[in-house]
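Here the structure is laid out as structure tokens; the discussion comes afterwards.
The values are calculated or read from the model by the stated rules, or taken from the named source; none is laboratory data. Keep in mind it's a predicted model, so treat the numbers as computed, not measured. Cβ coordinates were reconstructed from backbone atoms using ideal geometry, including for glycine residues, and neighbour counts include every protein chain displayed. When the accessible area is computed, the model is the full protein with side chains, heavy atoms only, and any ligands, DNA or RNA have been set aside. Shrake-Rupley method; radii C 1.70, N 1.55, O 1.52, S 1.80 Å.
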Amino acid sequence: MGNKEAKKMIICATCGAEFDASLVRCPYCGGGYAPAEEDEYMDRLDDNRKELDSHKADGDKSLKKQLSKSIGLVILIIAAIILLVAGSFCLARRSESHKAEQQKQEFLSNQGIVTD
Ligand SMILES: [Zn+2]
């Protein structure tokens, strides 16, 4: 009992988490601890890497955004085309049947048969 409290704890220079000094690396971020000078260097290195990573992530994000945007556009266009085709098909059928009805009426009136 109380053994845990006796352990020397150190603060991670990279992420600020407290962890057992007997550990070589921070269990939270995987960063090692070292003299201040090296820490500063590592910090700078880490900053550079983070900046690179963020740029990469930004690129990935915008690419995904663009991709999902274009996919949405394609779906929209396809839906519009389907609607257009279905609509014109319905219209064509309706006007066709309408035309046939007209022709029938004309034929019947020509024959002298009066229809309602
Ligand atoms: Zn850490």
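Observations on the structure shown:
- Residue-normalised accessible area of the stretch 45-113, given per residue in Å² at a 1.4 Å probe: 93
- Efficiency of FRET between residue 43 and residue 67 - r from beta-carbon atoms, R0 30 angstrom, step 0.05: 0.30
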